[in-house]
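The values are calculated or read from the model by the stated rules, or taken from the named source; none is laboratory data. As the structure is a prediction and not an experimental result, all values here were calculated from the model. Cβ coordinates were reconstructed from backbone atoms using ideal geometry, including for glycine residues, and neighbour counts include every protein chain displayed.
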Amino acid sequence: MDGFLSQGEHVVGVDIGGTKLMAVVYDHKFKVKGRNKRKSKSSKGEPTEERLTRTIQEALDEAHVDTIRGIGVGSPGPLDPRTGVIIDTPNLAWKNFPLAQYLKKTFKVPVVVDNDVNVGTYGEYRFGEVSDCESVLGVFPGTGIGAGIIIDRKVFYGFSGAAGEIGHMTLEVDGPYCGCGKRGCLEGLASRVAIAANVAALAARGDAPFILATCGTDLSAIRSGALADAVKAGEKMVEGVIRKAAYYVGVATGNAINILSPEAVVLGGGLVESMPELYLEEVKRGIKEHAMPFLRKNVRIVTAKLGDDAVVLGAACMIAERLGEFE
C-alpha cells in the first residue's frame, strides 16, 4: 500500500489506549522504521499528553528520522474527528482536550485524530484480509463494543461524526443496565466487563474453580486471556457465558448487515484474538439467525489479522491519504 508518500518521506501512527500508548514510524511503503510503547498512566502523575509526546519522539529517535510529513492518531472516544478534540476520556483525564492542535504545535506537522475503532477498522481494510472490498463493517468487542464502518472505501461518520456505536444497540428492552445508562445494550450484555461479571458470579458459587484459583472474583483480573485459559481447562459454564455473549454480538452484527449490507465483517479485539474459533462460530450463528438471507449472502465474516498494529497502521494511512488537505 503505497502511492500517498514519496520515497524518503515518513509518517507516524499512534494508538492511544486506556492502558498503553504506542507510536510507530512508517516509511513511504508503510514499513516500520521505529516503534515505542509505554503505559498510558504514569505512577508519578505525568500528564498523558506529555507521555504521548515522549512516546512519539522516542519512536522517531529509534527510526533515526528527523522530519515527518504528519501524525495520525487513534484514540478512545467520544471525540470530534473534524477538529481532533477529545471530548471526554476519564481514564486519560482529558476533557475537551484539543489533541490534534497540541500535537501539531509540538511536532509542527499536520495531525489527524479519529476514534480508535474507526482507525482499527480502516487499518484492517487497508492492510488486512478485506483490502479488496469497498464496504466493510468492523466490530471490536472488548471493555466496550465499538464498530467502524467503511462505505465506498471511506470511513462513514454520519451526521454526528460518531457513527458506529453498535455497542449501544438495544437487544433486550428490559435487559441489564449499560454504562451509558440505558438498559439492554449490546455492551451491557456482551462486553468483556459483562462477561467478567457473569463469570465472577460463577466463581463465587464454585462453578468456575479455574477462574476462582487464578483470578478470584475481581472483575479487572478476569481478562480475555484468563477466559480463554478457563475454556481450555474445561470450564463449560464459563464457555457458555462467552458463547452467549459472542452470539449477542452476532445478533447485533446481523442487524447491522440488514441496514448497511457490507461486503465483509471484520471481528477484532482481545476477546476475538483469544478465542477466534469459538467467537467466530457464535457470531456466524447470530448473523445467520438474524440477518436477512439475501443481505447476508456471500458476506465474508473474518477475524482481524493485524492485532496490535491495526490502529497505528490505520492512523498512519489516514494521515498519509489526507496530507493534500493541509497543503
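Okay, residues lined up against (1) closer than 14 Å to Val109 by Cβ; (2) hydroxyl-bearing (Ser, Thr, Tyr); (3) out of contact with any strand residue (DSSP E or B) (no Cβ under 6 Å at 6 or more places or on another chain):
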site: Ser6; (1), (2), (3): no, yes, yes
site: His10; (1), (2), (3): yes, no, no
site: Val14; (1), (2), (3): yes, no, no
site: Gly18; (1), (2), (3): no, no, yes
site: Leu21; (1), (2), (3): no, no, no
site: Asp27; (1), (2), (3): no, no, no
site: His64; (1), (2), (3): no, no, yes
site: Arg69; (1), (2), (3): yes, no, no
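Could you please let me know if Glu134 is more than 30 Å from His10 (Cα to Cα), at pLDDT 95 or above and acidic (Asp, Glu)?
no
Restricting to the range 90-114, and then to whatever is free of Cβ contacts under 8 Å to residues at least 60 places away in the same chain and in a strand (DSSP E or B), can you tell me which residue is surrounded by the most Cβ atoms within 10 Å (Cβ to Cβ)?
Across the range 90-114, the extreme among qualifying residues is Val113.
If a residue must be of a type outside the set (A, V, I, L, M) and at pLDDT below 95, how many such residues does the range 64-74 contain? If you could, list the steps in order and put the result at the bottom.
Initially, the range 64-74 is screened for residues of a type outside the set (A, V, I, L, M), giving 64, 66-67, 69-70, 72, 74.
Within this subset, residues satisfying the condition of being at pLDDT below 95 are 66-67.
Going through the range 64-74 one residue at a time, the tally reaches 2.
Looking at Gly268, Gly314, which is the one that is outside the structural domain of Lys20 (by TED's automatic domain parsing) and surrounded by 15 or more Cβ atoms within 10 Å (Cβ to Cβ)?
Details: Gly314 fails: outside the structural domain of Lys20 (by TED's automatic domain parsing).
One residue alone meets the criteria, Gly268.
Run down Val283, Val266, Val272, Val311 and say which single residue is out of contact with any Ser or Thr (no Cβ under 8 Å at 6 or more places or on another chain) and among the aliphatic types (A, V, I, L, M).
Step by step, each of Val283, Val266, Val272, Val311 is checked, and only Val311 is out of contact with any Ser or Thr (no Cβ under 8 Å at 6 or more places or on another chain) and among the aliphatic types (A, V, I, L, M).
If you go through the range 119-129 one residue at a time, do you hit one that is assigned to a strand (DSSP E or B) and modelled with pLDDT of 95 or more? Can you show your working first?
Step one: list which residues in the range 119-129 are assigned to a strand (DSSP E or B), which gives none.
Within the range 119-129, none of the residues are assigned to a strand (DSSP E or B) and modelled with pLDDT of 95 or more.
When you look at Glu134, is it touching an Asp or Glu at 6+ places or on another chain (Cβ under 8 Å), surrounded by fewer than 16 Cβ atoms within 10 Å (Cβ to Cβ), part of a loop (DSSP other than H, G, I, E, B) and assigned by TED's automatic domain parsing to the domain that holds Leu271, yes or no? Can you show your working first?
Working: touching an Asp or Glu at 6+ places or on another chain (Cβ under 8 Å): yes; surrounded by fewer than 16 Cβ atoms within 10 Å (Cβ to Cβ): yes; part of a loop (DSSP other than H, G, I, E, B): yes; assigned by TED's automatic domain parsing to the domain that holds Leu271: yes.
Considered against the rule, which asks whether it is touching an Asp or Glu at 6+ places or on another chain (Cβ under 8 Å), surrounded by fewer than 16 Cβ atoms within 10 Å (Cβ to Cβ), part of a loop (DSSP other than H, G, I, E, B) and assigned by TED's automatic domain parsing to the domain that holds Leu271, Glu134 comes out as yes.
Quick one: in the range 195-239, which of the residues that are among the basic types (Lys, Arg) and closer than 16 Å to Leu271 by Cβ is surrounded by the fewest Cβ atoms within 10 Å (Cβ to Cβ)?
Top of the filtered list is Lys232.
Condition first: farther than 28 Å from Asp308 by Cβ and not aliphatic (A, V, I, L, M). Can you find one or more residues in the range 216-229 that meet it?
Checked the range 216-229: at least one residue is farther than 28 Å from Asp308 by Cβ and not aliphatic (A, V, I, L, M).
Kindly state which strands (runs of 3 or more DSSP E) lie completely within the range 4-68 and contain at least 3 residues that are assigned by TED's automatic domain parsing to the domain that holds Ala320 and surrounded by fewer than 19 Cβ atoms within 10 Å (Cβ to Cβ).
So the answer is 32-39.
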